[in-house]
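Since the structure comes first, as structure tokens, the remarks are kept for the end.
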Amino acid sequence: TVRLDDFTDSPVHGWLVDRGWTLILTATGDACLELVQEFYANLVSKPNDDFCFDTYIRGNLVQFDSTDVCRVLGIQDPPMQQYPPAPRRVNYDEVAQVLCGRPRACYHWQNLQRLRNV
């Protein structure tokens with residue numbers, strides 16, 4: 001369970017509250033952890049567009065943007081100017097390590113890269 005109080009020392013707390021996104025912290029239901037980990041491990045932003053993404057799940061390409069994420073979560077999609085500038089490009093290896101506890105290679109990253117080039 002994720003609690004809003006877990007983010008009090010982080011700018012994330014203000015972002016969630018200011019945008020009315022606290023509902024995403026109370027989501028319920030079952031999730032397949034293995035698929036969630038694979039989703040995040042293979043996630044990359046599209047070149048020249050930090051709000052459009054590609055990922056592979058079980059070898060299938062999934063493409064989405066920030067509007068799709070907001071629609072699925074049932075939250076308002078704020079105007080782009082409300083997003084704070086990213087301090088640096090996302091390091092997806094760090095994301096996979098933090099979220100999944102292991103590097104992307106554990107999720108057949110090389111095989112998925114090979115599928116992209118077909």
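The values are calculated or read from the model by the stated rules, or taken from the named source; none is laboratory data. These figures come from a predicted structure and were not determined experimentally. So basically every Cβ, Gly included, is an ideal-geometry build from the backbone, and we count neighbours across all protein chains shown.
A few remarks follow.
- Of all residues making up segment 48-99, the number that are farther than 19 Å from Trp21 by Cβ, in contact with a Phe, Trp or Tyr (Cβ under 8 Å, 6 or more places away or on another chain) and at pLDDT below 85: 2
- Looking across segment 1-54 at every residue that is surrounded by 13 or more Cβ atoms within 10 Å (Cβ to Cβ) and among the acidic types (Asp, Glu), the one that is farthest from Gln76 (Cα to Cα) is identified as Glu38.
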